[in-house]
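The values are calculated or read from the model by the stated rules, or taken from the named source; none is laboratory data. Only a predicted model underlies this, so the values are computations on that prediction, with no experimental measurement involved. For neighbour counting, all protein chains shown are included, and Cβ atoms are generated from backbone atoms with ideal geometry for every residue, glycine included. Surface accessibility is based on the protein's heavy atoms, side chains included, excluding ligands, DNA and RNA. Shrake-Rupley method; radii C 1.70, N 1.55, O 1.52, S 1.80 Å.
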Amino acid sequence: MELLPYKNSKIDISEFNPEENFVYAKFQIGDKMIAIELGELRSDVRFYYHIYIDNSKFPKKKHVMTEKEKREEQKQKEETEKIRNNSF
């Protein structure tokens, strides 16, 4: 089994823009690929990450989020931030 790592160590948070993701790290292990993306939730220094796991042996159609799913995800992120901010 071969591990092909990629890591972008030159990501600068000052370059983040809302709705844009950066691929921070990507690993290829056999047929499997793991990717970590970083992004900015809003322009007030709130960030998030996505982790994707894919298996090229079993390709699937990529899910395209509906507007409702996007709104629900945004709402969930905001609620999580409220909880996090109120827990300190």
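Can you pull out every residue in segment 55-73 that is free of Cβ contacts under 8 Å to residues at least 24 places away in the same chain and surrounded by 10 or more Cβ atoms within 10 Å (Cβ to Cβ)?
Those that are free of Cβ contacts under 8 Å to residues at least 24 places away in the same chain and surrounded by 10 or more Cβ atoms within 10 Å (Cβ to Cβ): Met65, Glu69, Lys70, Arg71, Glu72, Glu73.
If a residue must be open to solvent by 60 Å² or more (accessible area, probe 1.4 Å) and either modelled with pLDDT of 80 or more or in contact with a Gly (Cβ under 7 Å, 6 or more places away or on another chain) (or both), how many such residues does segment 3-27 contain?
5
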